[in-house]
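Worksheet for the structure shown next.
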Amino acid sequence: MHAHVLSPKLVELTSRAPSRDANPHNEFLMQSRYKRMFESLDVRIETMEREGIDMQVVSHMPNYAYWADRELSEQIVEAANTAVQHVCQSNPERFVGLAFVSLQFPDLAARQLEGAMSSSGAFKGVEISSNVQGLDLDDERFEPFWAAAEQHGALVFIHPSGTTLGDRVAKYYLANIIGNPLDTTLALTHIIFGGVLERHPRLKILGAHGGGYLPSYCSRSDHGYEVRPEAQTIPNPPSHYVRRLWVDNLVYNAFNLAHIIAQVGASQVVLGTDYPFDMGQENPVEIVDGVAGLSEGDKQQIKRDNAVGLLGLTAAR
């Protein structure tokens, strides 16, 4: 449920980004061995076979370019979605896709989502960032997008592109090591406290990188909800809504995954690799199998059934 493709056309379109909005993955893309992993379907499928993956949900590398004006943004979205669609149509038994949308223009994003979901069958949802130029996802301006996602049954995969922490994570690759999961934590927490799940109860939201830190420390959110009036914005404690989110198992070991399963339930966890990035994991199936005491039924949910349900696929496919 977490793997990426790359559109050279999108890279070209976003090459003129303002310096403050430069994509943090540009250095990664300059390494030729990763270019081949993006470009070669044979390499991708060989990797899937080695990892025990039958079907991969692909989305574009998280270069959303929310800084772009309306015209350029439409071109960027088209480039990303064309690349995803190409991979899916090349082998529909092995790939399904998530689309880009111009989330900085929520009305346009809603129409793009509807178009993607009804176009070719390749798309089963959308991938969005954890914020839109510093604007959090519970902002009322995004209501048209959330309403469209709920109406069309689209999976919304929240995957950060960098972090808002600035210079404090400039060293040691902390912008990704800490910054990305923390941005996911903030996005999901705003969605919960901001009442997005309360207003749209049928939303299907998947948080990357194990849902960030939220499933690991939701008890603090619950405590804040109990004692702080400004946090009492929703009718139920935050943990109630955390169990309505889905997360991938990209936490690198069975011990951490066991903790997440204990917090959110096996029904809310799916596989993730972050292919082909170096911060991904190459053994998601082994990690599930390594969780002590996990039943075969729960393992099957995480390996297949949860994803089948989220994507609206048949078990046979």
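Rule-based calculations on the coordinates, nothing more; no lab input. What you see is a predicted model, and the numbers here were worked out from it, not measured in a lab. Glycine gets a Cβ as well: all are built from the backbone with ideal geometry, and neighbour counts include every protein chain shown.
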Subject >> P(r) histogram, all alpha-carbon pairs of the chain included - 20 Å bins from 0, percent >> reply: 34, 61, 5
Original post:
Which whole-angstrom value gives the distance between the alpha carbon centres of region 69-134 and region 191-232?
Top reply: 26 Å
**OP:** For a footprinting-style exposure proxy, rank 95, 38, 255 by other Cβ within 10 Å, fewest first.
**Re:** 255, 38, 95
Subject >> For residue 97, residues with placed amide H under 5 Å, excluding near neighbours >> reply: 58, 123, 124
**OP:** Determine the calculated [θ] at 222 nm for the chain from helices alone, applying -39500 (n - 2.57) to every DSSP H run no shorter than 4 residues and normalising by the residue count; nearest 500 deg cm²/dmol.
**Re:** -12000 deg cm²/dmol
**OP:** Could you calculate the contour length gain from residue 243 to residue 143, that is, 0.36 nm times the residue separation minus the distance between their Cα atoms, to one decimal place in nm?
**Re:** 33.8 nm
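How high is the FRET efficiency between residue 304 and residue 151 when r is their beta carbon distance and R₀ equals 35 Å, given to the nearest 0.05? Don't jump to the answer; show the numbers that get you there.
On the way: r = 27 Å, r/R0 = 0.76.
FRET efficiency, residue 304 to residue 151: 0.85.
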**OP:** Could I have the simple spin-label model distance between residue 119 and residue 49, label points 7 Å from Cα toward Cβ, reported in nm to one decimal?
**Re:** 3.0 nm
Subject >> Top of 122, 170, 83 by mean-square fluctuation, Gaussian network on the chain, Cα under 10 Å >> reply: 170
Original post:
How far, in nm, would the chain grow between residue 226 and residue 89 when pulled straight, counting 0.36 nm per residue and subtracting the alpha carbon separation?
Top reply: 44.4 nm
**OP:** Mind sorting 45, 192 by how few other Cβ atoms lie within 10 Å of their own Cβ, fewest first?
**Re:** 45, 192
**OP:** Could you list which residues have their amide H under 5 Å from that of residue 4, counting only those 5 or more apart in sequence or on another chain, with H placed in the peptide plane?
**Re:** 59, 275
Original post:
How much length, in nm to one decimal, is gained on full extension between residue 15 and residue 279, taken as 0.36 nm per residue of separation minus their Cα-Cα distance?
Top reply: 92.7 nm
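Rank by packing, highest mean first: peptides 195-205, 219-229, with packing defined as the count of other Cβ atoms within 10 Å averaged across residues.
Details: 195-205: 17.1, 219-229: 12.9.
So the peptides 195-205, 219-229, ranked by packing, come out 195-205, 219-229.
Give me the dipole magnitude in Debye, nearest 20, for the chain about the Cα centre, with unit charges on the beta carbon: positive for Lys and Arg, negative for Asp and Glu.
Working: 26 positive and 38 negative charges, 24 e Å.
In total the dipole reaches around 120 debye.
Evaluate the relative contact order of the chain (contact order divided by residue number), counting alpha-carbon pairs under 8 angstrom at least 6 apart; express in whole percent. Mind showing how you got there, number by number?
Values: 533 pairs, mean separation 48.8, N = 317.
Dividing the mean separation by the residue count of the chain yields 15 percent.
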Original post:
Cross-link list 124/171; 171/303; 35/303; 9/303: which exceed 32 angstrom alpha carbon to alpha carbon?
Top reply: 124/171; 171/303; 9/303
